[in-house]
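J.: Mind looking over this structure? Questions follow.
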Amino acid sequence: MKEKRILPPTLARKFLQSFLRADLAEEVMGDLEEKFEVTRRTKTLVSAQRNYWSQVFNYLRPFAMRRLAFYHFNHNGMFRSNVKVAVRSLWKNKVLSSINIFGLSVGLSSCLLIGLYIQHEFSYDKFQLNGDRIVRVIMEYAFDGSPEKKKGNFTSTKVAPVLARTFPEVEKSVRMTNRERVVRNGDKMISEPNFMFADSSFFDVFTYHFIEGNPANALHGPNKVVLTRSAAKKYFVNESPLGKILVIGPKNTPYEVTGVMEDYPRNSQIRFDFLASFSSLGVNQELTYWDANYTTFLLLTEASAIAALQEKISSFMKKEMEGSGAFVDFWLESFPRIHLYSDYSGFVPTNSITYLYILSVVATLILVIVCFTYINLSTARSIERAREVGVRKVVGAVKRQLFWQFIGESGVVFMASTILSFGIATVALPYFSVLSERTLTLYDLFSLPFILAAVLISVVVSFLAGCYPALILTGLQPVKVLKGVFGNSKSGTWVRHSLIVFQFAISAFLIASTIIIQKQLHFIRYKKLGYDREHTLVLQTNREMLKEIAVLKQQLKANRRIIGVTNTNSTPVKIEGGYNMRSDMMAESEQIAVTANPIDEEYLTTTGLELLYGEDLTEQDMKDVSTENTSERFYHFILNESAAKQLGWPPDSAVGQRMYVGERAGIVKGVVRDFHFESLHQAIRPLVLFSEVRARLLLVKVSGDDLEGTISFVESTWKQLIPYMPFDYRFLDEDYEEMYRAELQLGVVMNLFAGIAIVLACLGLFGLSAYMVRQRSKEISIRKILGASLINIVSLLSGNFVRLIIMAIALALPIAYFFADNWLQDFAYRIEIGWWVFVVAGASAIGIALLTVSLQSIKAAGMNPVKNLRSE
C-alpha cells in the first residue's frame, strides 16, 4: 500500500521539519501514519491519501501563517526603516539635499519641455488615416541652355488629372492653393489669410470630420465653400451657415456655404478657415505643364508603390517633353516626411529634423549633467556616511541591504525631483509655448503615456545615478572606517575627476555652439541684403484696386514722412516667380530658367535697390505695357548682375540689349547690384524685374518719424479711397524674420537650455569642491597654522580643478567645431568660425569653474583650524 502512494511520507516529513523541531516532526509523522492505516481499512486508497495530506497541511497552516507574518513584518519594517533613514539623512543635510533636488528638478523639467516640443513636432499629421499613402508632387524643370535644374513644391493644373489618368497606382489626386481673400457677410468685412481652394477629391484623400453638409458634393461646382467650426462661429455665431451666402474676393463673388467641418489641429500641415471649390478659380483646364502655381497631392493605392511609380513618371515625362526644348520631371515626396524632412515649404512653416536632433542632444546632455551632479554631491557626503555604514556593518547589515538602502535614498530624491519637475514644467509651459511658437498644453504634459515615459526615465536614471555612490559607500571596510581611515580609492577619484571633465566638456561644447549659432543669427539679421527693409509697410491689394492705385499713391506721397509707394507682385525679401528668358541672339528653344518679378516705376526707390548701370523705370515705361493689345506691349527689364552674366553680357554692357522673358519682348533698361531675394540658405541667382501692372502688394516706405501718426494717415487715406478693402498691414521686417523662424527659435531655445546646463554643471563642480574641501580640511588647517595665506589655499584647491577644466575644453571644442561647421554648411552665406570663439568658450568655462570652486575655497580658508584639529 505504501508503495502505491502518490506522494511518499518522506516528502511530508520534509514539509513538517521545515516548520517544526525534528523531534516534534517525528511525533506528528507517527501520528499521521497511524491515522492513515486506520482510514485505509475503512475507505479507498485515494480517500485515505486525500485525508492524509489534508491533515499534514492542517498541522502546517498555523506555523506557515506565523512564518509569513514574521516575513511580512520583517520586510515591510525594513522598507519603512529604510525610508525613514533616507528622509532623516536628507533632512540632516538640508543644503546639499536642496541643491540635489533643485538641480534634478530643473534638469528634469527642462527635459520634459524639450520632450513635449519634440513629441509635438513628430506628431504632425499622425491623425491622417491615409497619411502613408499620400505624396506631394515636386516639380523639377530646366530649359535648353540653362546651366541648372530648378525644383519646387509647385505644379500646373495639368499634373493632377494626367497622373491620375495615366498611372493605376494613383487612386485619387487633389489640387490645392492657399490665397488671401476678403470675406464679407453683411457689414462684416475681414481679410482672411487662411482661405484655401481644393478639388472635391480633397475629402477622399485627407481625413476630416464633417459637422454639417455632405462631403460627397460639398465642393462640386464653382463658388462653393466649406467653413471650419471656428469660421462658422465667427461669421454666423450660433446660426447654421448651411445654404447661406458669403461674398468673397475682389469681384464680390457670392459663395454658397455647403458644409461645416471641425478645425484641423495645430499639428497639421494643412490648416484653413475656408475651403472653396478649386473650379471657382477658373484655372482647372489641362493646357500646359507650366504656369506652375499650385500644390498637387496624390493618394496612392499602396504606400509601397512610391518607388515604382517614381520610375514610371520619369519615363513618362521624358516622352512628354521630347522635342520641346525643355526638361520637366516630377518627384514624389511622402506626406508624413514633409514637416521635418522636406527642403520645400508647405502651407504652414516647416521645421528641420536637424534642429530636433540638436534639441534631443541638449536634453540628453542636461540629463547626463544632472546625473553627474547627483553622483558628485552624493560622493561628497560619503565621509559623513562612512561611520554610519561602518556601524551598520558591525551590527550585522550585509552589503546587499546597504546597497538597496542607498538606492532607495536615490529613488526618494529622484521621485521628489520628478514630482517637482512636473510642477515647474506646468508653470513654465505657457512661456515655453510662446517661446517655441507651438500650442503645447497641460493635457499633453499630463497625458498617461508622457507621465509613464517620464517616470520610467526617472526610475532608470535614479538607479544608474545611485549605483556608484551606493557601491562606494557599501564597499567601505568597517574596521578602517571606525579607526577613522576612510579615504576613497584611486579608482574612485578617477571616476569623480572623469565626471567633472565630462560635465565641463558638455558646458564648453554648449557655450561654443551657442556662440556660433548666435553669431550666425546676428549675421542673418544685420547682413546687408542689397535692399532696405526698415520702416516699410506691406498691404494686400487686388486687381479691382488698379483704377484707384495711381490716386492712392499720389495722396500717400503728399505726406512728407512717406518716402515711396510701389505696387508689385512680391517683396524683395522673397521672390519666387518662375519664368524663362533668352537674349535676342539666342534661338527660341534656348530658354534659361530665371526668377522674375513684375514691378512699377517706384520699386527701386521704395526698396532701396542699388542701380549700377542704366536707368530706372519711368511712367512712360509703365504706359508701354498697359495697352489692351498684348502684341503692342513693349517691356523694359532691369536685371541683376547674375542674370546679365548668365545671358552672356558683362553687367556694364547689358543696358540696351534686346531680350525676352517668356513671350514678353523688350530691352534691358538697367542693371542692379545682386541682392538677396531668397533665404541666405541659397546663393544669389539670376533675377529679372520687368515693367508690368500687377495688383497683389502695396509697399509703403516711411521715414520712421512719428510712425504711429504716419500709419494713421495711411489708414485714413486707404479707407477713404478703398472702403471695400480692409486695412491690414504688416512690416517688411516681419516677412524677413518669418523666413528664419526655425533658426531664431533654435537660437532662443539654445540660449535658455545651454544656460541651464551650465548652471547644473556648476552644481556638480560645487559638490566635488565641497568633497575635496572636507577631505582635506585637516591639511588646510595645518597649512593655515604654518602661515599659508588665503591665495595659497585657494590656489591649492583650485589648481587641480583648472587642470580638469582644461582637459574638458580640449575634449569639447573640436567636437563643437565639427557640429557647428556641419550646421553652417546649410547656409550659402555664413560666418567664419574664428579662433576667438573657442578662446571665449574656454575662458568662460574656466571662469565659471574658478568662481564656483573659489566659493568653497574661500569658505575653507576662513574655517577655524582648531575645530578641525581638535580630534587629532
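J.: Looking at 648, 656 in this structure, which one is touching a Gly at 6+ places or on another chain (Cβ under 9 Å), open to solvent by 30 Å² or more (accessible area, probe 1.4 Å) and either not in a loop (DSSP other than H, G, I, E, B) or not aromatic (Phe, Trp, Tyr) (or both)?
T.: Answer to the selection: 656.
J.: Counting only residues that are modelled with pLDDT under 85 and of a type outside the set (Val, Ile, Thr), give me the helices (runs of 4 or more DSSP H) lying completely in region 696-790 with at least 3 of them.
T.: 741-775, 777-785
J.: OK, next. What number of residues in region 600-636 are over 15 Å from residue 669 (Cβ atoms), open to solvent by less than 60 Å² (accessible area, probe 1.4 Å) and part of a loop (DSSP other than H, G, I, E, B)?
T.: The qualifying residues number 2.
J.: Quick check on region 593-613. Is at least one of its residues over 47 Å from the mean Cα position of the chain (by Cα) and more than 30 Å from residue 826 (Cα to Cα)?
T.: no
J.: Among the residues of region 422-450, write down those that are under 15 Å from the mean Cα position of the chain (by Cα), exposed (fewer than 15 other Cβ atoms within 10 Å of the Cβ) and closer than 14 Å to residue 110 by Cα.
T.: Across region 422-450, there are no qualifying residues.
J.: Take region 152-193 and flag every residue that is under 25 Å from residue 349 (Cα atoms) and either open to solvent by 60 Å² or more (accessible area, probe 1.4 Å) or part of a loop (DSSP other than H, G, I, E, B) (or both).
T.: 153, 154, 156, 157, 179, 180, 193
J.: Could you check residue 622 against (1) among the hydrophobic types (A, V, I, L, M, F, W, C); (2) more than 41 Å from the chain's Cα centre (by Cα); (3) more than 23 Å from residue 700 (Cα to Cα) and say which number it fails?
T.: The single condition residue 622 does not satisfy is (3).
J.: Taking the options 764, 755, name whichever one is surrounded by fewer than 16 Cβ atoms within 10 Å (Cβ to Cβ) and within 30 Å of residue 105 (Cβ to Cβ).
T.: Being surrounded by fewer than 16 Cβ atoms within 10 Å (Cβ to Cβ) and within 30 Å of residue 105 (Cβ to Cβ) holds for just one of 764, 755, which is 755.
J.: Kindly establish whether residue 581 is open to solvent by less than 40 Å² (accessible area, probe 1.4 Å) and either of a type outside the set (D, E, K, R) or touching a Ser or Thr at 6+ places or on another chain (Cβ under 7 Å) (or both).
T.: For residue 581, the condition - open to solvent by less than 40 Å² (accessible area, probe 1.4 Å) and either of a type outside the set (D, E, K, R) or touching a Ser or Thr at 6+ places or on another chain (Cβ under 7 Å) (or both) - is met.
Yes or no, residue by residue, for (1) outside any strand (DSSP E or B); (2) without any contact (Cβ under 8 Å) to a residue 40 or more places away in the chain; (3) on the phi > 0 side of the Ramachandran plot:
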| position | (1), (2), (3) |
| --- | --- |
| 551 | yes, no, no |
| 554 | yes, yes, no |
| 581 | no, no, no |
| 598 | no, no, no |
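J.: Taking region 273-289 as the search range and keeping residues that are under 27 Å from residue 579 (Cα atoms) and of a type in the set (Gly, Ala, Ser), which one is surrounded by the most Cβ atoms within 10 Å (Cβ to Cβ)?
T.: Applying the filter and picking the extreme gives 280.
J.: Say whether the condition of being open to solvent by less than 30 Å² (accessible area, probe 1.4 Å), at pLDDT 85 or above, under 26 Å from residue 465 (Cα atoms) and among the β-branched types (Val, Ile, Thr) is met by at least one residue in region 339-360.
T.: The answer is no; no qualifying residue exists.
J.: I'd like the residue in region 292-315 that is open to solvent by 50 Å² or more (accessible area, probe 1.4 Å) and touching a Lys or Arg at 6+ places or on another chain (Cβ under 9 Å) and, out of all such residues, is farthest from residue 157 (Cα to Cα).
T.: That would be 302.
J.: Return the residues of region 513-541 that are open to solvent by less than 20 Å² (accessible area, probe 1.4 Å) and farther than 22 Å from residue 738 by Cβ; say none if nothing qualifies.
T.: Across region 513-541, the qualifying residues are 513, 514, 516.
J.: Quick one: is residue 289 part of a loop (DSSP other than H, G, I, E, B), farther than 30 Å from residue 244 by Cα and touching a residue at least 12 places away in the same chain (Cβ under 8 Å)?
T.: Judged against the criteria, residue 289 is a match.
J.: Name, by its number, the condition in (1) modelled with pLDDT of 95 or more; (2) assigned to a loop (DSSP other than H, G, I, E, B) that does not hold for residue 573.
T.: Among (1) modelled with pLDDT of 95 or more; (2) assigned to a loop (DSSP other than H, G, I, E, B), residue 573 violates only (1).
J.: On to the next question. How many of the residues making up region 128-165 are over 26 Å from residue 589 (Cβ atoms) and polar (S, T, N, Q)?
T.: Matching residues across region 128-165 total 3.
J.: Output the residue which, of all residues in region 655-694 that are touching a Lys or Arg at 6+ places or on another chain (Cβ under 9 Å) and β-branched (Val, Ile, Thr), is farthest from residue 549 (Cα to Cα).
T.: 655
J.: Residues of region 209-249 being part of a strand (DSSP E or B) and open to solvent by 30 Å² or more (accessible area, probe 1.4 Å), which ones?
T.: 210, 211, 212, 213, 224, 245, 247
J.: Name the residues in region 801-836 that are of a type outside the set (A, V, I, L, M) and touching a residue at least 60 places away in the same chain (Cβ under 8 Å), would you?
T.: 801, 817, 819, 823, 826, 827, 829, 830
The values are calculated or read from the model by the stated rules, or taken from the named source; none is laboratory data. As the structure is a prediction and not an experimental result, all values here were calculated from the model. Virtual Cβ from ideal backbone geometry, glycine too; neighbours counted across all protein chains shown. When the accessible area is computed, the model is the full protein with side chains, heavy atoms only, and any ligands, DNA or RNA have been set aside. Shrake-Rupley method; radii C 1.70, N 1.55, O 1.52, S 1.80 Å.
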